[in-house]
Amino acid sequence: MESIVSVNIEIEKDFCNFAKDVLTGLSQSPKVLPSKYFYDAKGDKLFQQIMDMPEYYLTNSEFEVLETQKSRILDLIGSESFDLIELGAGDGTKTKILIDYFLHQKTNFCYAPIDISGNVLDQLKQDLHQRWPQLCCEPVQGDYFDALENLSQSTDIKKVILFLGANIGNLQLEEAEDFLSHVGEYMQKEDIILIGFDLKKDPKVILDAYNDPKGITAAFNLNLLHRINRELQADFKVNQFKHWETYNPVTGATRSFIVSTCEQTVHIEALDTYFHFNAWEAIDVELSQKYDTTMIENLAKKSGFEVVEHLFDRKGYFVDSVWRKK
Ligand SMILES: C[S@@+](CC[C@H](N)C(=O)[O-])C[C@H]1O[C@@H](n2cnc3c(N)ncnc32)[C@H](O)[C@@H]1O
């Protein structure tokens, strides 16, 4: 069991990283804030509402892929024991399809969900324990960039790495390449990684998914300012900011912005700093990169992988791509 001291050190580390990233991001021009900080307890709840929205096609599309292709996925994994490592597991809604199937097939595996949100991991752990008390589950709280170090400790057992829900789209193309090359360093020849990519499609379908009429996505993005107010003692007047979404059909970049609707100054006490916003100045808060198969295959090649199989949904909206190290 973790000691109180080590838990406190982790909390302090999370706080310092958050403070440091907010200071760096709001000091630069254009201003940016990393999207990984969307996910506090309120953000987790809002994201669960987003996943239930009819406009947010990503959930249903990937759900369909996993539901219809679960036996193919197990064929690709093979029959030996493995560690099922999930990067950015969230509430594991879709992963539970695979877990349920693997358990029914009497597969021997241990599940290690990694997430930066301790809140969502606690919920996931409880839920999994209630459903499948026999499931071996070892959650890891933290940034998956750091959690990679933990992966390296067990090299003798096969690894199956899941990176679902188009989380990869939150990285710039070069960052995605670096990140996946780094993941590859911890993988052996027989290990596999299954990555969810959201595909280029009708721009309206994409924009509607990030710009719902009920304003749930707007609330999700603006929650980041509430979080800074609460955790870093800031005085953002959140109603003086608005959510804005863009999609570039050439590059596939879908971007979320928080835009200041007037000239204003915000004080962040924990940073002992004032930040000035011009009217209509934006904070770049999230990239949700859309891919096509050529981009995916290039990414696999450049990061040292080969594509084993692309698993699409019927509409061709989403692909879970299975890769092995070259
Ligand atoms: C868009 S949700 C997707 C959740 C899940 N993969 C799915 O498909 O439903 C992103 C999840 O990744 C987590 N996350 C985002 N950035 C992260 C990072 N750098 N390290 C660890 N977890 C991260 C968030 O806390 C959140 O639970």
Between the alpha carbon centres of region 28-56 and region 58-121 the gap in Å comes to 22 Å
Relative to the chain, whose Cα atoms define the longest principal axis, helix 118-131 and its Cα axis are tilted in degrees, nearest 10, by 30 degrees
Carbon and sulfur atoms account, in whole percent of the 1.4 Å probe accessible area of region 251-326, for 47 percent
Helix 216-231 sits off the longest principal axis of the Cα atoms of the chain, rounded to the nearest 10 on a 0 to 90 degree scale, by 70 degrees
Filtered hits (lysines, Cα-Cα < 24 Å from LYS159, offset >= 8 within chain) -> LYS70, LYS94, LYS96, LYS106, LYS125, LYS189, LYS301, LYS302, LYS325, LYS326
In whole percent, the Cα-Cα distances of region 220-280 spread across 10 Å bins from 0 upward as 21, 45, 24, 9, 0
In the neighbourhood of PRO30 defined by beta carbon distances under 9 Å, the net charge of the other residues (Lys, Arg +1; Asp, Glu -1) is -1
Computed about the Cα centre, the charge dipole of region 154-196 from +1 Lys/Arg and -1 Asp/Glu charges at the Cβ has a magnitude in debye, to the nearest 20, of 240 debye
Whole-Å distance linking the alpha carbon centroid of region 282-326 with that of region 159-210 is 6 Å
Unpartnered Cys in the chain, judged by a 4.7 Å Cβ-Cβ cut-off, are CYS16, CYS137, CYS262
Toy charge model, Lys and Arg Cβ at +1, Asp and Glu Cβ at -1: the chain dipole around Cα centroid in debye, rounded to 20, equals 680 debye
Excluding ligands, DNA and RNA, the carbon-plus-sulfur percentage of the accessible area of region 102-247 with a 1.4 Å probe reads 48 percent
Rounded to two decimals, the Rg over Rh value of the chain from Cα coordinates and the Kirkwood Rh reads 0.96
quick note, the chain, DSSP beta bridge pairs, % antiparallel (nearest 5) is 60 percent
Residue by residue through region 243-253, the couplings from Karplus 6.51 cos²θ - 1.76 cosθ + 1.60 with θ = phi - 60°, in Hz, x for Gly and Pro, are 7, 9, 10, 9, 9, 9, x, 6, 8, x, 7
Ranking PRO34, PRO54, LEU74 by how far each Cα lies towards the positive end of the charge dipole of region 30-98 (+1 on Lys and Arg Cβ, -1 on Asp and Glu Cβ), the top one is PRO34
For region 217-326, whose charge dipole is built from +1 on Lys and Arg Cβ atoms and -1 on Asp and Glu Cβ atoms, the candidate among HIS243, GLN289, PHE277 with its Cα farthest towards the positive end is GLN289
In Å², rounded to a whole number, the accessible area per residue of the chain with probe 1.4 Å is 47 Å²
Answer in debye to the nearest 20: the dipole magnitude of region 74-233 about its Cα centre, from +1 Lys/Arg and -1 Asp/Glu charges placed on Cβ, is 660 debye
Once both label points are put 7 Å beyond Cα along the C-beta direction, the HIS276-CYS137 separation in nm becomes 5.1 nm
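The values are calculated or read from the model by the stated rules, or taken from the named source; none is laboratory data. Small disclaimer: the values here were computed from a predicted structure and weren't measured. Cβ sites come from the backbone with ideal geometry, for glycine too, and all protein chains shown count toward neighbours. Please note that ligands, DNA and RNA were not included when accessible areas were found on the heavy atoms of the full protein model with its side chains. Shrake-Rupley method; radii C 1.70, N 1.55, O 1.52, S 1.80 Å.
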